[in-house]
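Peer 1: My structure is below; once you've seen it, I'll send some questions.
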Amino acid sequence: MLKGKYVSHTEAERQEMLNTIGVEKLEDLYQDVPIGMKETSLNLPDGQSELEVSQAISKLAEQNHVYHDVYRGAGAYRHYIPALVRQIASKEEFLTAYTPYQAEISQGVLQSIFEFQTMICELTGMDVANASVYDGATAAAEAMNMVVDRRKKVVLISDSIHPMVKETMLTYATGMGVTLRTVPTQNGVTDLTKLEEMMSKDVAGVYVEHPNFYGMLEPAERIGEIVHEVGAHYILGVKPIASMILKSAREYGADIAVGEGQSLGIPLSFGGPYLGFMATTTRRIRQLPGRIVGQTEDEAGKRAFVLTLQAREQHIRREKAQSNVCSNQAHCALTASIYMAVMGVQGLTEVARQSHAKAHYLAEQLATIPGFDLVYSGDYFNEFLMTTPIEAQSLVQQLEAHDILAGLPVGENILWCATEVNTKEAIDALVTAIKEVVA
């Protein structure tokens with residue numbers, strides 16, 4: 001517990017606040033945290049000099065394992081990021097923690113958000129996007145919040161969605177009093193027959209990912225038709241790179257499109273920070289959470305930007321707000337915008353094509369090794385689930401000795417991924433290494 005010298009309030013003031021809250025001691029504020037997750041001591045050494053700290057950090061860094069080739073995705077993807085992206089994003093006028101509460105005097109920040117919104121709309125085919133939310137899982141959960149109402153409190157999710165997204169949606173649903181029901185899968189995609197059986201008048205919406213967690217391409221268009229037949233809302237989780245060679249979310253019939261934007265120029269960095277994007281139709285603009293930047297003209301007739309429709313979010317009373325998301329991943333969104341602008345339509349499309357082609361080449365080469373077979377037979381983008389002749393975790397560990405990060409173990413199988421950075425020579429070297437391991 002913090003010593004008094006680190007806290008500005010006196011012991012009497014702290015006790016008065018605790019009494020007002022209705023607890024006896026400070027530790028009671030953390031009573032819902034599981035005991036096993038509580039740290040009683042940080043075990044930190046005494047203060048050290050800058051040189052000593054630098055040397056200690058260098059020793060810690062030496063423990064990192066740097067892989068020369070990566071075949072793991074599962075929601076976080078390794079793509080080539082042009083040097084220009086980081087160069088521009090690192091400029092001091094962009095690299096700031098400033099939040100535009102007095103937004104109209106910060107035209108640069110607002111314009112960067114407006115450009116991001118525009119590009120997301122172009123990717124998804126939707127009419128309007130917000131300024132981003134914390135991550136893709138949050139975006140899916142917030143979309144669920146958009147569709148439920150007093151009469152309809154049931155949301156269906158496919159069993160093929162990302163497990164972490166599922167957990168986040170469950171957390172939201174618990175607090176909102178929403179019932180989440182899981183639609184079974186068949187051959188790695190949503191079971192359409194089961195979906196039709198589960199659709200009822202109390203279903204507010206359905207959430208599906210395309211491609212899904214297993215990399216499979218869902219029958220997204222048909223799902224949209226089934227959802228709309230009973231007047232429910234269709235929420236589609238999409239991968240932005242895949243959207244360059246697939247139909248847009250709007251073309252699949254989605255009412256709301258959400259996803260994770262990490263693949264748009266944001267490096268793998270121990271899980272974050274990333275950004276979630278949300279887009280929808282004009283009809284649902286007032287249910288869209290977070291910030292929306294609009295374009296207008298100033299008194300001189302010049303192009304200007306403003307935060308618009310603010311009555312939807314944190315500027316009004318909490319109980320009346322559509323959502324209490326009151327921030328956005330502005331710098332991550334800016335980085336994504338720079339990446340998309342630098343790559344252009346042709347460049348992004350080439351990334352998608354190469355990712356798709358190299359994943360299929362990887363699957364074909366792995367299938368030449370006895371015991372490696374595709375778990376599902378349908379179409380996939382750049383990820384696929386495969387069986388393995390030896391224990392999955394053992395294979396991963398043995399490939400680490402070759403400085404190769406294998407796919408993600410999923411039960412007894414492995415979820416493999418390839419992007420444009422995986423060369424044919426590297427894939428062939430992976431296959432050779434696996435043959436040595438399983439021999």
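The values are calculated or read from the model by the stated rules, or taken from the named source; none is laboratory data. Quantities reported herein were computed from a predicted structural model and do not represent experimental measurements. As a convention, Cβ positions derive from the backbone with ideal geometry for all residues, glycine included, and neighbour counts pool all protein chains shown. These area figures cover heavy atoms from the full protein model, side chains too; ligands, DNA and RNA do not enter into them. Shrake-Rupley method; radii C 1.70, N 1.55, O 1.52, S 1.80 Å.
Peer 1: Tell me, what does the Kirkwood hydrodynamic radius of the chain come to in angstroms if you use every pair of distinct C-alpha atoms? Write down the numbers at each step before the final one.
Peer 2: Values: mean 1/r = 0.0413 Å⁻¹.
Result for the chain stands at 24.2 Å.
Peer 1: Let me know the Kirkwood hydrodynamic radius for region 15-139, please, with Cα pairs as the basis and the value in Å to one decimal. Working shown, then result.
Peer 2: Working: mean 1/r = 0.0471 Å⁻¹.
Hydrodynamic radius (Kirkwood, Cα only) of region 15-139 equals 21.3 Å.
Peer 1: Follow-up. For residue 127, which sequence-distant residues (separation of 5 or more, or a different chain) have an amide H within less than 5 Å of its own amide H, given hydrogens modelled in the peptide plane?
Peer 2: HN-HN under 5 Å from residue 127: 280, 281, 282.
Peer 1: Also, quick follow-up: What net charge do the residues around residue 364 carry, taking every other residue with its C-beta under 14 Å from that of residue 364, with Lys and Arg at +1 and Asp and Glu at -1?
Peer 2: Details: positive: 358, 424; negative: 373, 428.
Local charge sum for residue 364: 0.
Peer 1: From the phi of every residue in region 368-378, what ³J(HN,Hα) in whole Hz does the Karplus formula 6.51 cos²θ - 1.76 cosθ + 1.60 yield, where θ is phi - 60° and glycine or proline is x?
Peer 2: Values, residue by residue: 6, 9, x, x, 9, 9, 5, 6, 10, 9, x Hz.
Peer 1: OK, next. ³J(HN,Hα) across region 270-286 via Karplus (A = 6.51, B = -1.76, C = 1.60, θ = phi - 60°), whole Hz, x for Gly/Pro?
Peer 2: 6, x, x, x, 10, 8, x, 10, 9, 9, 8, 8, 4, 4, 10, 4, 7
Peer 1: In a shell of Cβ-Cβ distance under 15 Å around residue 411, excluding residue 411 itself, what net charge do Lys and Arg (+1) and Asp and Glu (-1) give? List each step's numbers first, then the result.
Peer 2: Working: positive: none; negative: 159, 373, 391, 412.
Net local charge, residue 411 excluded: -4.
Peer 1: Here is a further query. Scan the chain and report its longest stretch carrying no trypsin sites (Lys or Arg not before Pro) that are both in a DSSP loop and have at most 16 other Cβ atoms within 10 Å.
Peer 2: On the way: sites that count: 3, 25, 38, 91, 150, 151, 153, 201, 247, 302, 317.
Result, exposed sites excluded: 318-439.
Peer 1: Share of Cα-Cα pairs in region 54-210 beyond 27 Å, in percent?
Peer 2: Details: 5931 of 12246 pairs.
Taking all Cα-Cα pairs of region 54-210, the fraction more than 27 Å apart is 48 percent.
Peer 1: Rolling a 1.4 angstrom probe over the protein heavy atoms, how many square angstrom per residue are accessible across region 83-339? Before the final figure, lay out each step's value.
Peer 2: Numbers: 11400 Å² over 257 residues.
Accessible surface, normalised per residue, equals 44 Å².
Peer 1: Also, I was wondering about something else. Charges at C-beta only: +1 for Lys and Arg, -1 for Asp and Glu. How large is the resulting dipole of the chain about its Cα centre, in Debye rounded to 20? Write down the numbers at each step before the final one.
Peer 2: Numbers: 36 positive and 54 negative charges, 223 e Å.
Dipole size: approximately 1060 debye.
Peer 1: Give me P(r) over region 83-339, computed from all C-alpha to C-alpha distances, binned every 10 Å, as integer percentages.
Peer 2: The percentages, shortest bin first, are 7, 31, 36, 19, 6, 1, 0.
Peer 1: So what's the back-of-envelope 222 nm ellipticity for the chain, counting only DSSP H runs of four-plus at -39500 (n - 2.57) apiece and dividing by all residues, rounded to 500? Each step should come with its number before you reach the end.
Peer 2: Details: 11 runs with 152 residues, N = 439.
Result for the chain, helices only: -11000 deg cm²/dmol.
Peer 1: Then there's this: Work out from phi, with θ = phi - 60° and the Karplus expression 6.51 cos²θ - 1.76 cosθ + 1.60, the ³J(HN,Hα) of each residue of region 125-135, listed in order in whole Hz, and give x for Gly and Pro.
Peer 2: After applying 6.51 cos²θ - 1.76 cosθ + 1.60, I find x, 8, 8, 8, 10, 8, 7, 4, 10, 4, 6 Hz.
Peer 1: Report the longest stretch of the chain that contains none of the GluC sites (Glu not before Pro) sitting in a DSSP loop with at most 12 other Cβ atoms within 10 Å. Walk me through the numbers before you get to the answer.
Peer 2: Working: sites that count: 24, 39, 62, 92, 93, 299, 391, 412.
So the longest stretch without any such site is 94-298.
Peer 1: Here's a follow-up. Which Cα, out of 275, 64, 188, lies furthest along the positive dipole direction of the chain (beta carbon charges, K/R +1, D/E -1)?
Peer 2: In the chain, that residue is 275.
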